[in-house]
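What follows draws every value from the coordinates through simple rules; no lab data is involved. What you are looking at is a predicted structure, and each value in this text was computed from that prediction instead of being measured. A quick note on method: Cβ atoms are made from the backbone with ideal geometry, for glycine too, and the neighbour counts reach across all protein chains shown.
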Amino acid sequence: MKPFQPLAWLVLSLMLCGIGAAESFGAELNLKAQLIWGSEEPLKDTKCPVVEGALAEKLKKVFKWKHYYEVKKADVAAPADKPKRHTMSDKCQIELQSFGKADVEVKIFGEGKHLRTVRQPIPPGEMLVLAGDDKNDTAWFVVLTNTSK
Amino acid sequence: MNSDLEIQAYLDNELTSAQARQVALRMDKDADAERLFRELRAVKKALAEAEPEHKLTEPREFYFAQIVQRIDRAEALAAEQRVEVPWWRRAIAPIAGVAAVSAVAFLLARTATPTTNFAQETGPRTHESGAITFRSHADGMTIVWIDGQKE
């Protein structure tokens, strides 16, 4: 056996390992973030658009609230190297970090306080919804949708 | 020690002087013990006499020297046939094997979809302190309800 052949296989294998390692250790993930407010009764004095369509149906299927309003919508990024904070409203912030293969860690802050850290894969086309109740029998929802294909 | 074993040991000169004296005294008084001793002695003598004698064709020293010579020759031959391989060449095969397996594992992991870890059914999934996680596979949605808004 020629001495070059084992070396060539070794180099090729190490290159493939490096590529695989880079892939699994994370790439930035692009998400659509929506802050939504849910209410039992329709809100008359709000400028927020009503959430309609498939998202509204999904939320109504799970939650008791009948009316949903979009407070803010933004395209956000979950970087791989360090977490990035995004402001959804005066009282709501989220911090995102990607860990590869659509695995995302989300830290949610309400009125400056850290409420929860959630780590969850969000496959392309799917969504992660963080939710909690608010005063006057309303609720807040942070919907993160993986918009990659 | 068992009395029969003591008699066997006495026959084989494996007892101390004091023990041997005691056994001899017992055999003087005990006819069964004395009979056992005689039987054991007869068996020992018969075995010794019946062992076939193997006669060497050459003197003992010469025979042994031949054995030593054959061993030395075999060792020298084995040393000649052993080829000195550099350490880095010896390490190539196992390292290449490990690297190849790792590469395949990474490539397979890349093609796996994250949804394989999800529960398939709709319904309550986990209940941690302060949060309930709920997965709807049909709707492609994972919900984390934060209870009391505190972690």
Cβ pairs under 8 Å, 6+ apart or interchain, first in segment B:1-19 and surrounded by 13 or more Cβ atoms within 10 Å (Cβ to Cβ), second assigned to a loop (DSSP other than H, G, I, E, B), ordered by first then second residue, are B:GLU6/B:LEU15; B:ALA9/B:MET1; B:ALA9/B:LEU15
A careful count of residues in segment A:78-88 that are exposed (fewer than 15 other Cβ atoms within 10 Å of the Cβ) and in a strand (DSSP E or B) gives 2
In the set A:ALA102, A:ALA33, A:ALA27, the lone residue that is touching a His at 6+ places or on another chain (Cβ under 7 Å) and closer than 16 Å to A:ASN146 by Cα is A:ALA33
With criteria (1) away from chain B (no Cβ under 12 Å); (2) more than 16 Å from the chain's Cα centre (by Cα); (3) in contact (Cβ under 8 Å) with a residue 24 or more places away in the chain, A:VAL50 comes up short on (3)
Counted residues in segment A:92-109 being at the interface with another protein chain (Cβ under 9 Å from one of its Cβ atoms) and surrounded by 20 or more Cβ atoms within 10 Å (Cβ to Cβ) come to 3
